[in-house]
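Heads up, the thing below is written out as structure tokens.
The values are calculated or read from the model by the stated rules, or taken from the named source; none is laboratory data. Keep in mind it's a predicted model, so treat the numbers as computed, not measured. Here Cβ is always computed from backbone atoms with ideal geometry, including for glycine, and neighbour counts include all displayed protein chains.
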Amino acid sequence: MKVETYKITGWKEKETGLLISENEDWILVKHIPVDYVIDGYKLYRKSAVQKRKSKSKEDKISRVLQLKNVKTNKPDTFSFGSALEILKWSEEKYDVFEFQDTEAELFYGKLNRVIGDMFHIDLITSNGRVEKDYDYDFLTDDIIAITFETDYFESVRLLMNDELKKEGKLNIV
């Protein structure tokens, strides 16, 4: 069990996570926003990670997580891929995805259309409303982090499903 802290290029705050898996492009962690709290999963694009460290602070967190019997398994059906493939997987599994292209902003959405390495989303607002064809061109290479199964992610997802149910647009399977 290994806990690491990441310095992301251009971000002021460092990020900490319990290392789950990695490939040549991505690092998958259980996100640790504070102290010993696990809140969902987070993928970091390796090319945006300026520095990784695992020292005494991280060792202490790791020890606590071991005592709490925290598991280090990947989410069901998850596999590494391109940023777009991971967003599609998240939308397929959870009906929504979350990503960051800067430290200050994160986006919840559904894919609307893809044109080469650029994509458009239907934005999911913090109150769960779907803003169709959000007017912004996102580049897949600008995605720094992809998050899922956090408390806030689940809250936005539930609000979105409730809004869609009210509008009669939710397909319950």
Give the range 1-43 a look and list any residue that's more than 15 Å from K74 (Cβ to Cβ), assigned to a strand (DSSP E or B) and hydroxyl-bearing (S, T, Y), or say none.
-> T5, Y6, T16
From V64, V96, grab the single residue that is assigned by TED's automatic domain parsing to the domain that holds I146, of a type in the set (V, I, T) and over 12 Å from A145 (Cα atoms).
-> V96
Taking the range 16-40 as the search range and keeping residues that are of a type outside the set (A, V, I, L, M, F, W, C), more than 16 Å from G81 (Cα to Cα) and surrounded by 12 or more Cβ atoms within 10 Å (Cβ to Cβ), which one is farthest from the chain's Cα centre (by Cα)?
-> Y36
Please tell me if I124 is under 17 Å from L43 (Cα atoms), among the aliphatic types (A, V, I, L, M) and in contact with a Lys or Arg (Cβ under 8 Å, 6 or more places away or on another chain).
-> no
Would you point out which residue out of F148, F138, F119, F107 is assigned by TED's automatic domain parsing to the domain that holds K88, surrounded by 13 or more Cβ atoms within 10 Å (Cβ to Cβ) and touching a residue at least 60 places away in the same chain (Cβ under 8 Å)?
-> F148
